[in-house]
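What follows is a single structure, written as structure tokens, with notes after it.
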Amino acid sequence: MLLSGTANPQLSERIAREIGMPLGEMDITRFADGEFDPKISESVRGHDVFLIQPTCAPVSDNLIQLFIILDALRRASATRITAVIPYYGYQRKEKKTQPRDPISAKLMANIIEIAGANRVVCVDLHAEAIQGFFDIPVDALTATKILARRVRERHGHDVIIVSPDTGGAARARRLARILDAPIAIIDKRRPRDDTVEVATVIGDVAGLKCVIVDDLISTGSTLASAAVALREKGATAVDCVATHGVLSPGALERLHEAPIDEICITDTIPFPNGHNRSFDDAPKLRILSVAPLIAEAIVRVHEGRSVSELFR
Ligand code: R5P
């Protein structure tokens, strides 16, 4: 059985279409005070249930919804409950970087398990170690091949892949390997959440088409400052590919003004998502779907077949 929370119903519909079955019926209303009141309209007893709910903005609402629907499924005797979380909120807080920091990504994992998930499917985690925050199986899928297809369509193999920070070097290497392309790495500093400074570009990008790859775009500062630095070093074109378009307020404007030719993201998070904007505000943006990837993973999990080739 496939069920969808309200975080990204369009993606859930696409996944259901790919699999060739309808989404299960569930009404998610609110009590007068704003608390969620989900009602699953059909029996889930004995079913292998997949609940699709990325925990993107509004993050707290989408998380709480995920937790309480998992709880409802567990209490209703579903045989196995898989939380399909295409975008995992709070994943950037996966370690302490300052005294008295929380490790929010671990806390979310604890609650997801306690609420009732027996398995998790997610796409391009910020840090692979987050898989280990769970004591249940995690299928950590990647959209790298989907993004690589777009890069190849635009540039063939004639590109250099750029990581916008040292932490993303392995991600850049994975994309570069598929495209048989060289890589460059940017040494980035982040004095404030919405401010990024580029210290150095490691690698020669002069006269080359650059494709910056990142896991997510939030304020857009990382990509905007990386693009400026690459142009200053003589790059002839700059495209960006990222799995998750978090696109916090102000990001589209920042990216629009940056010397970037195309920004390619996926539909793990809906666009537009709660802000007053449309595709007209985002002429450089292209969105590819991860629905076929997630649908394939769901079918394989259900049939007890290997999912590992979808990680590569
Ligand atoms: C950082 O480690 C991440 O991989 C992204 O580069 C970062 O979170 C993007 O954030 P923003 O768009 O706000 O610069």
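The values are calculated or read from the model by the stated rules, or taken from the named source; none is laboratory data. No experiment lies behind these values; they were computed from the predicted model shown. Note: ideal-geometry Cβ built from the backbone for every residue, glycine included; neighbour counts use all protein chains shown. With ligands, DNA and RNA removed, areas are computed over all heavy atoms of the protein, side chains included. Shrake-Rupley method; radii C 1.70, N 1.55, O 1.52, S 1.80 Å.
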On the first, second and third principal axes, largest extent first, how far apart are the outermost C-alpha atoms of region 144-288 in Å? 39, 34, 24
Give me P(r) over region 81-152, computed from all C-alpha to C-alpha distances, binned every 5 Å, as integer percentages. 3, 16, 26, 22, 14, 10, 6, 3, 1
Relative counts (whole %) of C-alpha pair distances in the chain, using bins that are 10 Å wide: 6, 27, 34, 22, 9, 2, 0
FRET efficiency, 1/(1 + (r/R0)^6) with R0 30 Å, evaluated for residue 101 and residue 128 via beta carbons: 0.90
Take the Cα atoms of region 1-78, find their three principal axes, and give me the spread along each one in whole Å, biggest first. 36, 26, 16
What accessible area, in Å² to the nearest ten, does a 1.4 Å probe give for residue 29? 70
Pseudo-spin-label distance residue 152 to residue 280, built 7 Å along Cα→Cβ, given in nm, is 3.7
